[in-house]
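First comes the structure, then the notes that go with it.
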Amino acid sequence: MKVLMALLSSKQIAALTLFIVVTASVPVFGGTYAASILIIVLSFIALVSAWQIISGYAGYILLGSAAFYGLGMYMSALLTPILTLYGAIPASAAVCFAAALGLGVPFLRIKGPYFIIATLALGELIRNIVTFTETNYFRTLGRITIMYDLTTILYLLIINAVAVILAVYFIKNSKFGLGLMSIKNDEIAAESCGIPTTKYKLLAFGITAVFMGSTGAIMASRAGYIDPDIAFPAYISIYTLVMGIIGGLGNLIGGIVSAIILTLLFEIFLSMGNPYPFGILLGILLILSVLLRGKRVTLLRIFRMQKITVQKPLSPAK
Amino acid sequence: MTILRLNKIDKRFGGIKALKSVDFEVEEASIAGIVGPNGAGKTTLFNIVTGYYKPDGGYVIFDNKNITGLKPHQICKMGIARTYQIVRPFKDMRVFDNIMVGAKFGRPLDKRNPEKWAREVLEFTGLINRANEFARNLTFTELRRFEVARALACNPKILLLDEVLAGLNPAEVTVACEMIKKINKEFNITIVIIEHVLKGVWALAEKVMVLHHGEKIGEGKPEEVFKMKQVEEAYLGTRWEAVA
């Protein structure tokens, strides 16, 4: 706690405390329905914030979040009976980290739009590997997961979300973050300035995978039953990317806000019995934010363009 | 003392021999120049020294260590920094942060404070007033100085400058030459400069190597080298009398 006090400003601590208090009190005052929506919101907050590390900072746009989310889910389904959920979460995260390091070696050599397409395939690849092993070796397709009660899952997700937000915030302000942003700007120049680009990209990819995996691991015990279509849904990959882009690449707060707004919006459309207009709206928002990106405007302008600088600005020359 | 030694460097791109058995030595704390027409292999040579290309033959000795085959970032950490012919700023970062990248990731600064060092570099290159600006907002001339500043921030022992004078007007060339000389004298940094602007090399370099079609066709003091017949032919073509 003291370390946090030293590293965060009082405003940031207040905001974080408010976030924890509000989310934690939802099951007490809001009931089950509100809590179940909050669970989705919190998991998307964690996914988008984790996405910012590899995509927002290092500039490798990831369209395969479902790969690590689903891998986390499956690892949790396998490990929870042995380790309980509390042991399964870090174990699943560790598996995702290892998977990201292994997959990152070939994938992170691909640049620009080709990387985006490759990661879309990555989600499908892992889904098909899981389907193949499950049907051939375990003679099953789905798995029953051990369910935990709503409040426990909610609190775990709050801890998870806060951990991601803090991790992303500290990365952004660290030497590591400075290196990632240089890689995003110009990888060749970054390498010749002494940044070990391959190592940094792999590490960023790994950290992203860790938090996506831990989110999936928690969500597995909310699901009760998982199969490849539930664990690796394409919408997870797409929503995470859309939320990240609408919130602004590398904009932590923007991503969180757009995760909250878009998830709630989806719920509203769903409750009216017709979720399809939401897809249209999402498409329009995405096109707009891509078109306006060149003008360095994000749709969430009210939350201020993220300051791309890492260091404290220099005071005027004396 | 020789700080950088290239030994029989060969490099092929498919069927094209970009460098043919090139030897070159650079004395510590000196300024050396590499000149040659377009496509002579000058930048390829820099790319080999900084680790972007692996030579097909030969090796590079820096500071008595064989650095052939090391990664570019390892070579930078050992003390070789470079600039690019086409500038490569981190556009969406502030000038100060750009310089901080060099100061934090380059050759270790011992106990010096990276921020103080970055400020020193900015003051030296005259960019201190632009420190809070985004790098994309710098003018052409500023970007040229900025490239040198970021390389200098890496705290190198040897600085490879790839056509830093290209596109500058005569007055700016004079200023830039003064700055390069000062880097050499004040920071005691060895400099290797690739240049098209012969005036620049003439004024700066103590020793010049001329490359033509990947071959070394001349080496020595600038005033001697530019009188050599083969150098003249490479730049201007064969004399009319000689043809007749």
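The values are calculated or read from the model by the stated rules, or taken from the named source; none is laboratory data. Small disclaimer: the values here were computed from a predicted structure and weren't measured. Cβ coordinates were reconstructed from backbone atoms using ideal geometry, including for glycine residues, and neighbour counts include every protein chain displayed.
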Hey, residue B:132 hits all of (1) within 9 Å of chain A (Cβ to nearest Cβ); (2) without any contact (Cβ under 8 Å) to a residue 40 or more places away in the chain; (3) more than 23 Å from residue B:6 (Cβ to Cβ); (4) in a helix (DSSP H, G or I) but one; which does it fall short on? (4)
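Specify the residue that is farthest from the other protein chains (Cβ to nearest Cβ); the eligible residues are those in the stretch B:78-118 that are among the aliphatic types (A, V, I, L, M) and assigned to a strand (DSSP E or B).
First pass over the stretch B:78-118, keeping only residues among the aliphatic types (A, V, I, L, M): B:78, B:80-81, B:86-87, B:93, B:95, B:99-101, B:103, B:109, B:118.
Pick out the ones that are also assigned to a strand (DSSP E or B) and you get B:80-81.
Numbers: B:80: 9, B:81: 8 Å.
Only one residue fits best here, namely B:80.
Here is a yes/no grid of residues against (1) of a type outside the set (Asp, Glu); (2) more than 30 Å from residue B:221 (Cβ to Cβ):
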position: B:53; (1), (2): yes, no
position: B:64; (1), (2): yes, no
position: B:67; (1), (2): yes, no
position: B:92; (1), (2): no, yes
position: B:101; (1), (2): yes, yes
position: B:107; (1), (2): yes, yes
Hey, among A:290, A:257, which residue is at pLDDT below 85 and in a helix (DSSP H, G or I)? A:290
When you go through (1) within 22 Å of residue B:47 (Cα to Cα); (2) more than 14 Å from every other protein chain (Cβ to nearest Cβ); (3) without any contact (Cβ under 8 Å) to a residue 60 or more places away in the chain; (4) part of a helix (DSSP H, G or I) one by one for residue B:141, which number turns out not to apply? (1)
Meets criteria (part of a helix (DSSP H, G or I), out of contact with any Cys (no Cβ under 7 Å at 6 or more places or on another chain), more than 28 Å from residue A:169 (Cα to Cα) and in contact (Cβ under 8 Å) with a residue 12 or more places away in the chain) for residue A:266: no
Go through the stretch A:1-54 and give me each residue that's at pLDDT below 90, of a type in the set (A, V, I, L, M) and crowded, with 17+ Cβ neighbours inside 10 Å. A:26
Hey, which of the helices (runs of 4 or more DSSP H) in the stretch A:1-104, taking only ones fully inside, have at least 1 residues that are touching a residue at least 12 places away in the same chain (Cβ under 8 Å) and of a type outside the set (A, V, I, L, M)? A:10-29, A:31-51
Among residues belonging to the stretch A:148-173 that are surrounded by fewer than 16 Cβ atoms within 10 Å (Cβ to Cβ) and not in a helix (DSSP H, G or I), point out the one that is farthest from the other protein chains (Cβ to nearest Cβ). A:149
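Conditions tested, residue by residue: (1) part of a helix (DSSP H, G or I); (2) among the acidic types (Asp, Glu); (3) modelled with pLDDT of 95 or more; (4) surrounded by fewer than 21 Cβ atoms within 10 Å (Cβ to Cβ).
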site	(1), (2), (3), (4)
A:201	yes, no, yes, no
A:204	yes, no, yes, no
A:214	yes, no, yes, no
A:230	yes, no, no, yes
A:246	yes, no, no, no
A:250	no, no, no, no
Members of the stretch B:108-150 found to be among the acidic types (Asp, Glu) and more than 19 Å from residue B:186 (Cα to Cα), listed by number: B:115, B:133, B:142
Is there a residue in the stretch B:64-72 that is at the interface with chain A (Cβ under 9 Å from one of its Cβ atoms), at negative phi and in contact (Cβ under 8 Å) with a residue 12 or more places away in the chain? yes
Looking at the stretch B:164-188 only, could you name the residues that are in contact (Cβ under 8 Å) with a residue 60 or more places away in the chain, more than 12 Å from residue B:141 (Cα to Cα), crowded, with 18+ Cβ neighbours inside 10 Å and not polar (S, T, N, Q)? B:180
Within the set of pairs 6+ apart or on separate chains, which have a first residue in the stretch A:182-204 that is in contact (Cβ under 8 Å) with a residue 40 or more places away in the chain, a second that is of a type in the set (Phe, Trp, Tyr) and crowded, with 22+ Cβ neighbours inside 10 Å, and C-beta atoms under 6 Å apart? A:185/B:90
How many residues of the stretch B:185-201 are farther than 23 Å from residue B:86 by Cα and assigned to a helix (DSSP H, G or I)? The answer is 2
Evaluate the following for residue A:176: is it closer than 25 Å to residue A:16 by Cα, within 14 Å of another protein chain (Cβ to nearest Cβ) and under 20 Å from the mean Cα position of the chain (by Cα)? yes
